[in-house]
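Have a look at the structure below before the remarks.
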Amino acid sequence: MTAYSLGTIASVTGGRLKGDGSLPVKHILIDSRNIVNAEGSLFFALKGRNHDGHNYVTELYGQGVRAFAVSDPDDLHSLCPDAGFVIVDNTLRALQELARHHRRRFRCPLIAITGSNGKTIIKEWLHYCLEGNKHITRSPKSYNSQVGVPLSLWLMDESTELGIFEAGISMPGEMKHLQHMIMPDIGIMTNIGEAHQENFQNMEQKIGEKLKLFYGCRSLVFCQDHQAIRNAIEHTPELAGVHLFRWSVTSKADLQVTGLVRKKTGTLIRVICDHKTVEVTIPFTDQASVENALHCLSLLLLLKTDPDLIRERMATLPVVAMRLEQKSAINGCTIINDTYNSDINSLAIALDMLNRQVQHKRKVLILSDILQSGKKQAELYMTVASMAEEKKVDRIIGIGEALKEYRHVFSIPGTFFSSTDEFLQRFKAADFMDEAILLKGSRQFEFEKIAARLEQKQHITRLEINLSALTHNLNHFRSLLHPGTKMLVMVKALSYGSGASEIANLLQYQRVDYLGVAFADEGVSLRQAGISLPVIVMNPDPEYFDTIIQYRLEPEIYNVRGLKMFNEAVVRNQEVEYPVHIKIDTGMHRMGFAESQIGDLLAGLNSSRNIRVKSVFSHLAASDEHAFDDFTRAQISLFDSLTVRLADGLGYTFIRHILNSSGIERFPEAQFDMVRLGIGLYGISSLASSRLRNVSTLKTAISQIKSLAAGETVGYGRKGKLTRDSLIAAIPIGYADGLNRRLGNGKASFLVKGKMAPVIGNICMDTTMIDVTGMDVREGDEVVIFGDDCPVSRLAEKMGTIPYEVFTSVSGRVKRVYYHD
């Protein structure tokens, strides 16, 4: 990429230059944690409600970054004397203006895609169908936001012959900024759903906002069968000059579908376009894939693409990996599985995720040849080598003839193979030990074979944890906080069954203030996994006070005995002002100092010179129940008065916190200095209407299907009595996996291909039977126990319990898979 000077960027963005304007800028940086190349990077100090990039300028300066775009200069130049600053009113708008300027340098056509569903799949399928003919720059993953779009456009360079970009909005007024940057030549409008509907007055307003992306387009592809979209397009004056390319299954259109034949292995699509019949076969049968394929086919025919190429590519459309998966692997390793594609832009994202795995000291990159990059191979692999070194990769395993040829450009240790099969022939499990492993391969290299060798657990039942949804929920709760309010996140009980170190690693990356565990051994595990955040131990056993000190954990103190014994341990370990957290009982009556014990507590603290109170907290008994709101407010009032008394008696201040997840949502006036987030992080809310996303999905697959006659019985004790001829499926999950036996005999139903299938008979240790009579199912079909469309709260209600118990009951033998969508 051609470098801009910082002075040029100041001129482009309307900013004021301070410092060295000759600094070259090749890379855009918006997150201080994601440095790839410090030299040549420009950091935009973006501001959000609960974050401010200006706080990290000096940190980045210390890491070698010298160019900054800021809106609050203050004394930053004096602290960073060799740096150059572009001073603007709004750093996000400046970033977008720079992206607009960069985009205007290129005359190649740009395709922009918006809608509620299918944007990423259509983008990737178009890239797949057109790659090789043109060098394409496209949005990495789902970079379609106010920040994601400018970062995507920045990837365009002199080799770009076609751009394909997504654009997504969540509220009115956003699309005009995306259109201002992208200025697309061709548009695709997918469909409209309920996502983000809460921010729009109605569906018509949302459609109108999305259509703003296409103002000034030459052509717009859309399905005229979506009546609301068709009406909006035809009644939007700004689209009057746009060539509309309509496709339809039900009526005459530019591309009219005349046949859809679904077979076991795919769908035959027959269309008429420009008075010619075109037939293609896609390897999918579901309705969403057919609709996405028709958007792609319309665009390809609009571009006059060779029909033979269309047929060839559409017959082999890939499954688009919408996420980076993270799994436990052999010998204490962790796999980051990204085996769908291997291009330079997605490699940067995957390397960033690899770099976050602080639970492992060593990091391994298993990489295939990068195909159709548009760069000379020597330049390409020198860039890859530089990226791997910047992200502190310890060794590389290269697979492919090109990587083998250019192995000399890598300064880190590496081994290189001509093919995946050659690597597997020489594979030794002992070669991988306590490492984070990134698998990054183009589809044709079949890296899924490598993943199968490396995976630790092969049990088909799995708990999937959506780290993007978890981050969304974290940020939702952050948005409810007053400026300066700290956040403690509970990761006890393996982070509610999701995996302690994996979740703690993400929370550390997201810069929460504290973590909370129940017992000392949980805290020790976090420290051994590389977690450096302050960790509060909520149920410290005096027997392990020395261990707590050794691992720099911070105990909760809830009685006089514990205070005395911990002070003795601190003295014994020659520590001074060791932090402790005082629990007071305001009405929960579980643990903590009662109001009558505050005098004794003060006396004990004032005589314990080697410890210092870091925080004082209490626990709300019923913050999620409206019927007890008066009681909750009384707890908060008592907490306020007791902590004031403690601060007066100690002669210094400390952090105060009482709100749990439901308290954050319902009692914002009681945030004090910090809040404690627990079950809310996983999408469980006390509010009837919530913007939280589901995080955890427990799923398995059908092992066997049997046709049984009426009168037969199913399972132990012959409890499952059939009153009709039935189709019964066995699934490999039972009470040893955490599926409670109380859910048997029709009490619960699980999701199979969009329908609920009831449990028949008793739940066994390793197997459960479900009734799939009348359903079109096959062995191997997915079964969802709880997830997006069958909430865990519904399952908990069937058990007469709460989601906490369901989450924490999922057995350790169930494979955990972590992913970013």
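The values are calculated or read from the model by the stated rules, or taken from the named source; none is laboratory data. Being a predicted model, the structure only gives us computed values, none of them experimental. Neighbour counts run over all protein chains shown; Cβ positions are idealised from the backbone, glycine included. Just so you know, the surface numbers come from the protein's heavy atoms only, side chains and all, with ligands and any DNA or RNA stripped out. Shrake-Rupley method; radii C 1.70, N 1.55, O 1.52, S 1.80 Å.
Quick rundown of the values:
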| item | result |
| --- | --- |
| Selection status of Thr773, more than 25 Å from the chain's Cα centre (by Cα), of a type in the set (Ser, Thr, Tyr) and modelled with pLDDT of 95 or more | yes |
| Looking only at the stretch 21-39, and only at residues there that are modelled with pLDDT of 90 or more and within 21 Å of Tyr143 (Cβ to Cβ), the one that is surrounded by the most Cβ atoms within 10 Å (Cβ to Cβ) | Leu29 |
| Any chance Leu605 is open to solvent by 10 Å² or more (accessible area, probe 1.4 Å), farther than 22 Å from Leu677 by Cα and outside any loop (DSSP other than H, G, I, E, B) | yes |
| Residues located in the stretch 592-602, provided they are closer than 19 Å to Met538 by Cβ and either outside any helix (DSSP H, G or I) or of a type in the set (Val, Ile, Thr) (or both) | Gly592, Phe593, Ala594 |
| Residue in the stretch 359-366 that is closer than 29 Å to Thr316 by Cβ and either modelled with pLDDT of 90 or more or in contact with a strand residue (DSSP E or B) (Cβ under 9 Å, 6 or more places away or on another chain) (or both) present | yes |
| Breaking point among (1) open to solvent by less than 30 Å² (accessible area, probe 1.4 Å); (2) outside any loop (DSSP other than H, G, I, E, B); (3) closer than 24 Å to Ser442 by Cα, for Leu317 | (2) |
| Within the stretch 101-146, tally of residues that are within 28 Å of the chain's Cα centre (by Cα) and more than 29 Å from Cys223 (Cα to Cα) | 0 |
| Segments classed as strands (runs of 3 or more DSSP E), wholly inside the stretch 11-66, with at least 1 members that are more than 13 Å from Thr91 (Cβ to Cβ) and among the small types (Gly, Ala, Ser) | 16-19, 41-44 |
| Residue satisfying condition, being under 24 Å from Leu303 (Cα atoms) and either in contact with a helix residue (DSSP H, G or I) (Cβ under 7 Å, 6 or more places away or on another chain) or β-branched (Val, Ile, Thr) (or both), within set Met156, Met175, Met203, Met171 | Met156 |
| Qualifying strands (runs of 3 or more DSSP E) (wholly inside the stretch 73-142; at least 2 residues being out of contact with any Asp or Glu (no Cβ under 8 Å at 6 or more places or on another chain) and not polar (S, T, N, Q)) | 84-87 |
| Close pairs from the stretch 556-574: first in contact (Cβ under 8 Å) with a residue 60 or more places away in the chain and closer than 24 Å to His657 by Cβ, partner of a type in the set (D, E, K, R) and in a helix (DSSP H, G or I), Cβ under 7 Å, at least 6 apart | none |
| Evaluation of Ser495 against (1) of a type in the set (S, T, N, Q); (2) under 19 Å from the mean Cα position of the chain (by Cα); (3) assigned to a loop (DSSP other than H, G, I, E, B) (one fails), failing number | (3) |
| Residue within the stretch 518-532 that is crowded, with 20+ Cβ neighbours inside 10 Å, touching a residue at least 40 places away in the same chain (Cβ under 8 Å) and in contact with an Asp or Glu (Cβ under 6 Å, 6 or more places away or on another chain) present | no |
| Candidates Ile272, Ile282 - the one that is open to solvent by less than 10 Å² (accessible area, probe 1.4 Å) and either aliphatic (A, V, I, L, M) or closer than 23 Å to Thr316 by Cβ (or both) | Ile282 |
| Residue in the stretch 609-638 that is nearest to Leu563 (Cα to Cα), counting only those that are of a type in the set (D, E, K, R) and assigned to a strand (DSSP E or B) | Arg612 |
| Given (1) closer than 24 Å to Glu379 by Cβ; (2) in contact with a strand residue (DSSP E or B) (Cβ under 8 Å, 6 or more places away or on another chain), index of the condition Glu39 fails | (2) |
| Out of Leu294, Leu303, Leu380, sole residue that is at pLDDT 85 or above, open to solvent by less than 50 Å² (accessible area, probe 1.4 Å) and more than 20 Å from Gly414 (Cα to Cα) | Leu294 |
| Strands (runs of 3 or more DSSP E) wholly inside the stretch 735-821 that include at least 1 residues being touching a helix residue (DSSP H, G or I) at 6+ places or on another chain (Cβ under 6 Å), in contact (Cβ under 8 Å) with a residue 60 or more places away in the chain and open to solvent by less than 30 Å² (accessible area, probe 1.4 Å) | 782-786, 815-820 |
| Restricting the stretch 595-623 to residues that are small (Gly, Ala, Ser) and within 42 Å of the chain's Cα centre (by Cα), the residue that is nearest to Ala647 (Cα to Cα) | Ser615 |
| Any hit, the stretch 181-196, residues being in a loop (DSSP other than H, G, I, E, B), closer than 20 Å to Val249 by Cα, among the hydrophobic types (A, V, I, L, M, F, W, C) and open to solvent by less than 60 Å² (accessible area, probe 1.4 Å) | yes |
| Subset of the stretch 536-556 [crowded, with 23+ Cβ neighbours inside 10 Å and not in a loop (DSSP other than H, G, I, E, B)] | Ile536, Val537, Phe545, Ile548, Pro555 |
| Failed condition for Ala385, given (1) aliphatic (A, V, I, L, M); (2) modelled with pLDDT of 90 or more; (3) open to solvent by 50 Å² or more (accessible area, probe 1.4 Å) | (3) |
| Residues (under 18 Å from Ile28 (Cα atoms) and either part of a strand (DSSP E or B) or in contact with a strand residue (DSSP E or B) (Cβ under 9 Å, 6 or more places away or on another chain) (or both)) located in the stretch 337-352 | Asn345, Ser346, Leu347, Ile349, Ala350, Leu351 |
| Pair list, Cβ under 7 Å, 6 or more apart: the stretch 73-99 residue closer than 16 Å to Leu60 by Cβ, other residue surrounded by fewer than 17 Cβ atoms within 10 Å (Cβ to Cβ) and of a type in the set (S, T, N, Q) | Leu79/Thr58; Cys80/Thr58 |
| Test: residue in the stretch 639-646 that is closer than 17 Å to Asn559 by Cα and in contact (Cβ under 8 Å) with a residue 60 or more places away in the chain | yes |
| Residue that is most open to solvent (accessible area, probe 1.4 Å), among those in the stretch 690-734 that are without any contact (Cβ under 8 Å) to a residue 40 or more places away in the chain, assigned to a loop (DSSP other than H, G, I, E, B) and polar (S, T, N, Q) | Thr723 |
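Conditions tested, residue by residue: (1) surrounded by fewer than 17 Cβ atoms within 10 Å (Cβ to Cβ); (2) closer than 23 Å to Lys212 by Cα; (3) in contact with a Cys (Cβ under 6 Å, 6 or more places away or on another chain).
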| residue | (1), (2), (3) |
| --- | --- |
| Ser139 | no, yes, no |
| Pro150 | no, yes, no |
| Asp157 | yes, no, no |
| Met171 | yes, yes, no |
